[in-house]
1. Would you calculate, for the chain, the mean residue ellipticity at 222 nm contributed by helices, counting each DSSP H stretch of 4 or more residues as -39,500 (n - 2.57) and dividing by all residues, to the nearest 500?
2. Step through the residues of the range 41-58 one at a time and calculate ³J(HN,Hα) from phi using the Karplus curve (6.51 cos²θ - 1.76 cosθ + 1.60, θ = phi - 60°), rounding each to whole Hz and writing x for Gly and Pro.
3. How compact and how long is the chain, expressed as Rg and Dmax of its alpha-carbon atoms in Å?
4. How far apart, in nanometres, would the label points at D125 and E28 be if each is projected 7 angstrom from Cα along the Cα-to-Cβ direction?
5. Would you work out the relative contact order for the chain, in percent, from Cα pairs under 8 angstrom that are 6 or more residues apart?
Amino acid sequence: MNIALIAHDKKKQDLIDFVMAYSEIFSEHQLFATGTTGKLIAKETGLTIERFQSGPLGGDQQIGARIANDEMDMIIFFRDPLTAQPHEPDVSALLRLCDVYKIPLATNEASAEILIRGLESGWLDWRSIKEKRVRYDG
Ligand SMILES: O=C(CO)COP(=O)(O)O
């Protein structure tokens with residue numbers, strides 16, 4: 001599965017801790033991240049992560065493009081709901097695309113934990129075994 005990891009600045013340590021806690025599961029998947037998030041997680045966990053641009057420089061949009069190309073299976077995005085982001089439109093667009101393409105999305109540890117445990121238990125296998133994914137056709 002292709003999993004994108006994203007965290008706003010005040011949530012980065014939380015995401016590092018989360019990925020560290022479940023590193024055995026994450027290590028079995030292809031990991032992607034926005035620039036700074038990916039750099040920090042890779043450094044702290046030793047996991048291989050393909051990095052996009054930093055969020056404010058277009059990283060969220062690059063991940064959104066992967067979703068639109070049916071190339072992302074799960075998004076873990078620890079958002080900071082208490083700090084205004086200069087690239088808020090990009091953030092909203094990414095969340096919107098998760099709904100458009102029915103991509104599992106977790107925006108905090110509680111929901112991320114359920115997704116990761118579900119992933120481990122095979123609840124999301126349908127995404128990889130389905131021959132032809134359901135695409136949004138308007
Ligand atoms: O801003 C972000 C997501 O909106 C995250 O970007 P960085 O991982 O580069 O800090």
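1. Working: 7 runs with 66 residues, N = 138.
Helix contribution divided over all residues of the chain: -13500 deg cm²/dmol.
2. 5, 4, 5, 7, 10, x, 6, 7, 9, 7, 9, 9, 4, 4, x, x, 9, x
3. For the chain, the Cα radius of gyration and maximum Cα-Cα distance read 14.0, 42 Å.
4. Simple spin-label model gives 1.0 nm for this pair.
5. On the way: 191 pairs, mean separation 35.8, N = 138.
Result for the chain is 26 percent.
Only the coordinates and a few stated rules stand behind these numbers; no lab work does. Computed from a predicted model, the values in this text were never measured in an experiment. Quick reminder, even Gly has a Cβ in these numbers, built from the backbone with ideal geometry, and neighbours come from all protein chains shown.
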